[in-house]
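Trainee: One structure, pasted below without further comment.
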Amino acid sequence: MSSRTGAGRAVAATIVFGMLATTPRAASVIAPTFDAMVTRAQAVFVGQTLDVHSRWVSTSSGRAIVTVVTFKVTRTLKGELGGQTQLEFLGGTVGEYRMEVPGIPRFRVGDEDVLFVDERGQPVSPVVGFMHGRFRVLEEPGSGRRLVARHDFEPLVSVADIGAAAPAPRVASARALSLASFEDEIVRAVRRQREAR
């Protein structure tokens with residue numbers, strides 16, 4: 001996977017700037033289902049953020065800010081990746097200039113995530129479903145168990161809850177999926193989709 005700029009990004013930047021000018025509130029992005037995410041993703045990987053930097057790019061519509069995030073790839077669950085990969089997102093901060101795009105995930109060095117990625121068509125966000133294709137890896141205090149949470153740190157109990165209009169009510173004993181269980185679910189879904197072709 002590589003960082004790309006060009007006419008497609010210029011058009012996307014123009015559209016997003018237009019949206020920002022007319023809609024001051026955060027954009028609402030419908031979360032895809034788990035199976036839809038697996039299908040749409042070119043790659044799914046577990047990775048740790050190594051570097052985040054923003055820069056100006058020139059497009060046919062003018063200048064825009066992009067943020068390039070470098071990840072250490074811990075495990076690849078779909079697709080083929082090397083030990084590191086970079087993803088480029090529209091928006092960011094360069095000096096006193098800031099370009100904010102609703103729904104774009106923000107990364108910090110040290111973050112660990114499971115990411116569903118689709119870079120086709122020079123997207124505004126290469127993460128499937130904007131922030132919805134980002135799942136945070138957290139450590140349970142006390143036990144050290146590695147758990148998975150949604151982009152907003154809400155614990156993920158079941159892959160059936162991904163994209164659900166109304167996730168199942170939580171019971172006190174419900175526990176977030178472990179990272180290992182989530183990885184297993186992804187690998188099984190990838191295998192099912194391959195076999196269905």
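We did not get these values from a lab; they are worked out from the coordinates using the rules stated. This is a predicted model, so every value here is computed, not measured. With ideal geometry, Cβ positions are generated from the backbone for all residues, glycine too; neighbour counts draw on all protein chains shown.
Trainee: Region 54-137: which trypsin sites (Lys or Arg not before Pro) are DSSP loop and have at most 11 other beta-carbon atoms within 10 angstrom?
Mentor: Passing sites in region 54-137 are Arg108, Arg120.
Trainee: Treating only the Cβ of Lys, Arg, Asp and Glu as charged (+1, +1, -1, -1), what charge dipole size does region 39-147 show about its Cα centre? Round to the nearest 20 debye. Could you put the intermediate results ahead of the total?
Mentor: Details: 14 positive and 12 negative charges, 24 e Å.
For region 39-147, the charge dipole is close to 120 debye.
Trainee: With label points built 7 Å along Cα→Cβ from the Cα atoms of Ile30 and Arg75, find their separation and express it in nm.
Mentor: Result for the modelled spin labels: 3.2 nm.
Trainee: Here is a follow-up. What is the Rg over Rh value, at two decimals, for region 63-119, using alpha-carbon atoms and the Kirkwood definition of Rh?
Mentor: 1.00
Trainee: Using the Karplus curve 6.51 cos²θ - 1.76 cosθ + 1.60 with θ = phi - 60°, what ³J(HN,Hα) values do you get for each residue of region 117-134, in whole Hz, with x for Gly and Pro?
Mentor: Those phi angles translate into 10, 9, 9, 5, x, 6, x, 5, 10, x, 7, 4, x, 6, 6, 5, x, 10 Hz.
Trainee: Dipole of region 84-197 (Lys/Arg Cβ +1, Asp/Glu Cβ -1, origin at the Cα centre): which of Gly121, Gly144, Ala176 lies farthest to the positive side?
Mentor: Sorting the options by dipole projection puts first Ala176.
Trainee: Another one. Extending each Cα 7 Å along its Cβ direction at Glu154 and Glu96, get the distance between those two points in nm, one decimal.
Mentor: About 4.0 nm, to one decimal.
Trainee: Mind listing the phi-derived Karplus ³J(HN,Hα) values for region 30-44, rounded to whole Hz, using 6.51, -1.76 and 1.60 with θ = phi - 60°, and x for any glycine or proline?
Mentor: Residue by residue, region 30-44 yields 6, 6, x, 6, 4, 4, 5, 4, 4, 5, 6, 6, 6, 9, 10 Hz.
Trainee: In region 61-197, if the dipole is taken from +1 on Lys/Arg beta carbons and -1 on Asp/Glu beta carbons about the Cα centre, which of Met131, Ser158, Thr93 is farthest to the positive end?
Mentor: So the residue we want is Ser158.
Trainee: Further, regarding this structure: Could you list which residues have their amide H under 5 Å from that of Gly103, counting only those 5 or more apart in sequence or on another chain, with H placed in the peptide plane?
Mentor: Excluding prolines and chain starts, which carry no amide H, the hits are Ala27.
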